[in-house]
Amino acid sequence: MKQSKTTLSLISAALTLALVVSPSHASSQKDSDSDGIPDSSESLIHTDPLNADTDGDGVNDLKDAKPVNANYVTKSGGKPSPVSIKDVLVEDNYDYIKRKDAPDHLEIVLNNTGNEAINNVVVSYQIKSLDTDAQESYSYNIGNLKASSTATIHFDDITGGGHFRANPNSIYKTDQSAKLFTIHVDADGYQTVSTTKKKDKGGAEQAD
Ligand SMILES: [Ca+2]
Ligand SMILES: [Ca+2]
Ligand SMILES: [Ca+2]
């Protein structure tokens, strides 16, 4: 509860600050994602100005006591999942279509080895700083995985198939510390599949 109150007071302080310091009242009130938090305040509380539910837990940023913590709960039971996590990239990404370096982002390669499609696959990931106490977590329903198929999922700012929006104000993008990513893949009736990946110290880099 302590953390919830802290976050809510941060939101409140950010809203007040936006009203006080902005030279233009109109621009300070611009709220691109209509979540009740002005664009100018979203970076102060590390939320996404273009996503009303930054962490994907179903609660709007303004009402969410922890807007960058999707509160992942480990599932138990179910049958063994035919999904495997083949690869995870968190830095030194490469765009094989354009044949050049791509900005650092989370990229996950999933393999459905089964002979049935799996519906409503949920990918959750936690980012934990290895130098500070900071941690965040996000959850995404990525849709279906076809039978006997491989899918590459990108979390970035690109729209299109296989791309899901990442928070531009997350510690991944704004904090230089080394980080540990923990990734979970869930689907109804199946056991959770998990893995971890470490990112070296240094900020997320833009493509060369
Ligand atoms: Ca907003
Ligand atoms: Ca938002
Ligand atoms: Ca939320």
Requested in this report: Report, in degrees rounded to the nearest 10, the 0 to 90 angle that the Cα long axis of helix 2-21 makes with the longest principal axis of the chain.
Outcome: 50
Requested in this report: For the pairs 79/201; 146/201; 98/173; 79/100, note any where the Cα-Cα span goes beyond 31 Å.
Outcome: 79/201; 146/201; 79/100
Requested in this report: Between residue 157 and residue 116, with labels modelled 7 Å along Cα→Cβ, what's the label distance in nm to one decimal, could you check?
Outcome: 4.1
Requested in this report: Please report Rg over Rh for segment 54-168, where both radii come from the alpha carbon positions and Rh follows the Kirkwood definition.
Outcome: 0.98
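Show that you can apply the helix-only estimate: for the chain, add -39,500 (n - 2.57) for every DSSP H stretch of four or more residues, divide by all residues, and state [θ] at 222 nm to the nearest 500.
On the way: 4 runs with 32 residues, N = 208.
Mean residue ellipticity, 222 nm, calculated: -4000 deg cm²/dmol.
Multiply the residue gap between residue 146 and residue 98 by 0.36 nm, knock off their C-alpha separation, and tell me the result in nm, one decimal place.
Values: separation 48, 0.36 × 48 = 17.28 nm, distance 2.56 nm.
Gain in length upon complete extension: 14.7 nm.
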Report summary line: The summed charge of the residue 92 Cβ neighbourhood (under 9 Å; Lys/Arg +1, Asp/Glu -1) stands at -4
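Cα-based Rg of the chain per 2.2 N^0.38 Å, rounded to two decimals?
With N residues counted in the chain, Rg over 2.2 N^0.38 Å equals 1.09.
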**Report entry** Calculated FRET value between residue 178 and residue 206, using beta carbons and R₀ = 22 Å, to 0.05
**Finding:** 0.70
Query raised in the report: Over the chain, what relative contact order in percent results from Cα pairs under 8 Å that are six or more residues apart?
Result: 19
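Every read-out reported here was derived from the displayed coordinates using simple, explicitly stated rules and does not represent laboratory data. Owing to the predicted nature of the structure, the values given are computational and were not obtained by experimental measurement. Positions of Cβ are backbone-derived with ideal geometry, glycine not excepted, and every protein chain shown enters the neighbour counts.
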